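What follows is calculated from the coordinates using simple rules that are stated; it is not laboratory data. Note that the coordinates shown come from a computational prediction; the quantities given were computed from them, not determined experimentally. Cβ atoms come from the backbone with ideal geometry, glycine included; neighbour counts cover every protein chain shown.
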Amino acid sequence: MARWLVTGAGGMLAADLLPRLTSAGHEVTALRRADLDVTDAGACASAVEGHDVVANLAAWTAVDDAESAEADAFAVNAVGAANLASACARSGARMVHVSTDYVFAGDSTIPYAVDAPVAPRSAYGRTKAAGEWAVLAHCPSALVVRTAWLYGAGGPSFAATMARLAGERETLAVVDDQRGQPTWTADLADALVRLVDADAPGGIWHGTSAGETTWFGFTRAIFEVLGLDPERVTPTTTEAFPRPAPRPAYSVLGHDRWQEAGLDPLPDWRDALRRAAPTVLGTV
């Protein structure tokens, strides 16, 4: 069994990754934000020492706030990632670093390949793209796993919010001009472990559910799983809900690398939603 260090252990993804690791018999050190300042290189080096795998889930994820605090976001998403990668390179630990679809412009019409050029349009995207570069520059064997549209039982999520609003409002207007892949944190956690167990090649991987939809389509599916009338959900546009940070219109990520490596990609998003419903949506 391996010795894992998980940073960002208070987050939604960690809530599924930690029990997945412990149930498999791994020895796990779980560090929350208060336990480890990833912007402190010395602290990162000390934390990494003695571990076989480092899963970096620590991130500044407040997308809109990053527009006015890009330096703070950069410190966590780029400098912090670099500190951990450098420590992994020195100690020989395998690094798993979670990134995002926001590194892309979102103007494609076909799924983004792992080697597609990055072109972030937001401060958050820029800091995460810098983090990817830093991790692979310091630690080429690292697994950089981009994900998107995450939801889970371990934290606030779009899916849980829509389930709550379904009980509070007769109709919901939901954006229908952003396309992506709703991804359950439990499936992503499993995928991260499978990549490490398979000794997968380092570099970029895309960890999102198969299939694609819009936020409108996702919400209608949530209503269906809840046994509610999906016609209560109506489509609207991104323009109707202006936010400080631009949202990618197209966030679909390609999964060819999984097949090339002989590994199963994540399941379809609709299948995941059905399996996630009891814990995320509160169904029985």
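Dipole of the range 20-179, Cα-centred, from +1 at each Lys and Arg C-beta and -1 at each Asp and Glu C-beta, to the nearest 20 debye?
On the way: 12 positive and 19 negative charges, 72 e Å.
That gives the range 20-179 a dipole magnitude of about 340 debye.
If you place +1 on the Cβ of every Lys and Arg and -1 on the Cβ of every Asp and Glu, how big does the dipole about the Cα centre of the range 50-144 come out, in debye to the nearest 20? Provide the component values of the computation, followed by the final result.
On the way: 5 positive and 10 negative charges, 75 e Å.
Here the size comes out at about 360 debye.
Could you give the angle, 0 to 90 degrees to the nearest 10, between helix 123-138's Cα long axis and the longest principal axis of the Cα atoms of the chain?
So the helix axis and the longest Cα principal axis differ by about 30 degrees.
Quick one: if you take sqrt(5λ) for each eigenvalue of the C-alpha gyration tensor of the range 1-121, what semi-axes come out, biggest first, whole angstrom?
On the way: eigenvalues 136, 61, 41 Å².
Square roots of five times the eigenvalues give 26, 17, 14 Å.
Lys/Arg Cβ at +1, Asp/Glu Cβ at -1, dipole of the range 1-117 taken about the Cα centre: which of G10, F74, S91 is farthest positive-ward?
S91
Distance in nm between label sites at T161 and L228, each 7 Å beyond Cα in the beta-carbon direction?
1.4 nm
Loop sites only, by DSSP: take the trypsin sites (Lys or Arg not before Pro) in the chain that have at most 15 other C-beta atoms within 10 Å and name the longest stretch containing none of them.
Answer from the scan: 34-168.
Please report the spacing between the Cα centers of the range 82-139 and the range 228-275 in Å, no decimals.
20 Å
Output the 0 to 90 degree angle, nearest 10, between the alpha-carbon long axis of helix 185-197 and the longest principal axis computed from the alpha carbons of the chain.
30 degrees
Based on the alpha-carbon set only, what is the convex hull volume of the chain divided per residue, in Å³? Kindly include the intermediate steps, with their values, before the conclusion.
Details: hull volume 34.8 nm³, N = 284.
Spelled out: Cα convex hull of the chain, divided by residues, is 123 Å³.
In the chain, which longest range has no GluC sites (Glu not before Pro) that are both DSSP loop (not H, G, I, E or B) and surrounded by at most 12 other Cβ atoms within 10 Å?
On the way: sites that count: E49, E168, E170.
Answer from the scan: 50-167.
For the chain, with only Lys/Arg (+1) and Asp/Glu (-1) charged at the beta-carbon, what is the dipole magnitude about the Cα centre, in debye rounded to 20? Numbers along the way, then the final one.
Details: 22 positive and 34 negative charges, 47 e Å.
So the magnitude is around 220 debye.
For helix 215-225, what angle does its Cα long axis make with the longest principal axis of the chain, in degrees from 0 to 90 and rounded to 10?
Between the helix axis and the principal axis of the chain, the angle is about 80 degrees.
Would you calculate a helix-derived [θ] at 222 nm for the chain, using -39,500 (n - 2.57) for each DSSP H run of n ≥ 4 and dividing by the full residue count, to the nearest 500?
Numbers: 10 runs with 102 residues, N = 284.
Only helices count here, giving -10500 deg cm²/dmol.
When you take every Cα atom in the range 226-284, what is the radius of gyration, and what is Dmax, the widest Cα pair distance, in Å?
For the range 226-284, the Cα radius of gyration and maximum Cα-Cα distance read 16.7, 43 Å.
I want the antiparallel fraction of DSSP beta bridges within the range 128-284, as a percent rounded to 5. Could the numbers behind the result be given before it?
Working: 2 of 14 bridges.
If we restrict to bridges inside the range 128-284, about 15 percent are antiparallel.
By its C-alpha gyration tensor, with a ≥ b ≥ c as the square roots of the eigenvalues, how is the range 174-284 shaped: rounded for a/c under 1.5, else prolate for a/b larger than b/c, else oblate? Intermediate results must be reported in sequence, preceding the final value.
Working: a/c = 2.64, a/b = 1.48, b/c = 1.78.
In terms of gyration-tensor shape, oblate.
Subtracting the Cα-Cα distance from 0.36 nm times the residue separation, let me have the gained length for S23 to E239 in nm, one decimal. Walk me through the intermediate numbers first.
Details: separation 216, 0.36 × 216 = 77.76 nm, distance 4.49 nm.
In short, 73.3 nm is gained.
Contour minus end-to-end for D177 and D268, with contour as 0.36 nm per residue of separation and end-to-end as the Cα-Cα distance? Show your work: numbers first, answer last.
Details: separation 91, 0.36 × 91 = 32.76 nm, distance 2.05 nm.
Stretched fully, the D177-D268 segment lengthens by 30.7 nm.
Along the charge dipole of the range 50-209, which of V135, Y124, A105 sits closest to the positive end, that is, farthest toward it, with unit charges on the beta carbon of Lys, Arg, Asp and Glu (+1, +1, -1, -1)?
Final value for the positive-end residue is V135.
Using 0.36 nm times the number of residues separating R194 and A62, minus their current alpha carbon distance, what extension gain do you get?
Details: separation 132, 0.36 × 132 = 47.52 nm, distance 2.83 nm.
Additional length available on full extension: 44.7 nm.
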